[in-house]
Amino acid sequence: MREILGTASGHLAEGSRSQTYTPPESGGGNAEGWAALLSVVAQLVNALLGWLTNKGDLVCERTIGISRDALTHYFAARGRVELWDFDGGGGGRHRLWLYGSITPWQIKPRYRTLSDSTSRDWTTAAYLADRRNMGIPAVGVSWPNDWISPGILFTDAADDQLLWGDITNSMGQPVPGARTTTQPAGAWYDDKVYCVYTDLDDKVYWTVRAGTTWSAPAHTGWDSQHAPALAVHNNTLYCAHTGLTGDVWLATFNGTHWDAPTRFGGWETGSGPALTSHAGQLYCAHRGMDNRTWHASSADGSSWSESSKTAFLDTYDAPALASFGTSLFIGERDLHRRLPVHSYGGGSWAQLQTQVDNGYGPVSLTTHAGKLFAFYA
């Protein structure tokens, strides 16, 4: 509008200066004067609009950015109302209302088992007994206190609280002070359950369960936005994690704290790594930047083989590793949300039956009580 008024006033002013027509003396008026007057009025209106608005014809502009996680967690309770008051340019006041109408999606935590490493026949899917709205797929931990069920680590979607239980536990026990939105890592070592996880502050913490008591979480000194991995190899506890720049790092536990991690040369990923010990070798796998799963092995955790690509399928999620019987197993979610598990034995990979269609997130593989457990959602 201001551009039109400015153009019109310019034309009217120019017309008043170039006016050559002289109306009759008994006529209605002076065309030159009328043109000049209209030009002045148009300029005044244009100036008034310029005083009331900015160059973009906006009274005020405000940008409010809210992440998906913030919306999901902050407005998880239906009916929650929030508002923001802000100035509106020339003294005006505005109010933005947000009304919570999110209905949390119930993640169905499931598991299957395999009793023979040479077989491809998994049991039918069974649901975990937990009644909470699980925030992440469960992670299994083999420990000797229960010869039927492995321990499981999972979170409550309502508050990201890390919980410990088993496949028959109805609620799970909180790990004090531990919250995460990524899968934790767990391992039985030195007659204790060790847990490493990435907290909400993007720092990696560790805690130990001795008996029925968890230690206070301690910072490892590492930062990450992804799930870590734990494995025991040659009586040494190893932890792998993905740094903030996508590099994969490996560290060992010396009995009281974690040693400084070493970087895998050339490995970059947008997900967490996987670790397991199999046939005298420590295996580490990760999702490459090409969305394929790569793995390497080491006898001593220091000198590593060249990384090899599994070449099965593309994935956006972290892989899982496990040793069961005479075979090395790897699980990964493909781009179609299917979840095949592959086994390596006799020098070649073999694909087992697909675990589940239309699933969510990564899988966790755990060997316990003579069975291979696959936990997923």
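Points worth noting:
- Being of a type in the set (A, V, I, L, M), in the same structural domain as residue 186 (by TED's automatic domain parsing), at pLDDT below 85 and under 22 Å from the mean Cα position of the chain (by Cα) is true of residue 356.
- Taking the range 147-171 as the range and being modelled with pLDDT of 85 or more and either over 30 Å from residue 344 (Cα atoms) or outside the structural domain of residue 231 (by TED's automatic domain parsing) (or both) as the test, the residues that pass are 155, 156, 159, 160, 161, 162, 163, 164, 165.
- Those residues of the range 174-217 which are touching a strand residue (DSSP E or B) at 6+ places or on another chain (Cβ under 7 Å) and free of Cβ contacts under 8 Å to residues at least 24 places away in the same chain, in sequence order: 174, 192, 199, 203, 208, 210, 215
- Restricting the search to strands (runs of 3 or more DSSP E) fully inside the range 277-356 and requiring at least 1 residues that are in contact with a strand residue (DSSP E or B) (Cβ under 9 Å, 6 or more places away or on another chain) and crowded, with 18+ Cβ neighbours inside 10 Å gives 281-287, 293-298, 320-324, 327-331, 341-345.
- Residue match in the range 118-131 (condition: farther than 29 Å from residue 66 by Cα, outside any loop (DSSP other than H, G, I, E, B), modelled with pLDDT of 85 or more and of a type in the set (Val, Ile, Thr)): no
- Beta carbons closer than 9 Å, at least 6 apart along the sequence or on distinct chains, pair a first residue in the range 109-123 that is in contact (Cβ under 8 Å) with a residue 60 or more places away in the chain with a second that is of a type in the set (D, E, K, R) for 109/130; 113/371; 114/120; 114/121; 114/371; 115/121; 115/371; 122/112.
- For residue 194, the test of being in the same structural domain as residue 241 (by TED's automatic domain parsing), more than 25 Å from the chain's Cα centre (by Cα) and either within 22 Å of residue 259 (Cβ to Cβ) or modelled with pLDDT of 95 or more (or both) is failed.
- Set 176, 217, 144: member being surrounded by fewer than 15 Cβ atoms within 10 Å (Cβ to Cβ), in the same structural domain as residue 230 (by TED's automatic domain parsing) and modelled with pLDDT of 95 or more: 176
The values are calculated or read from the model by the stated rules, or taken from the named source; none is laboratory data. The structure displayed is predicted, hence computed values, not measured ones. Neighbour counts are summed over all protein chains in view; Cβ atoms, including those assigned to glycine, are modelled from backbone coordinates with ideal geometry.
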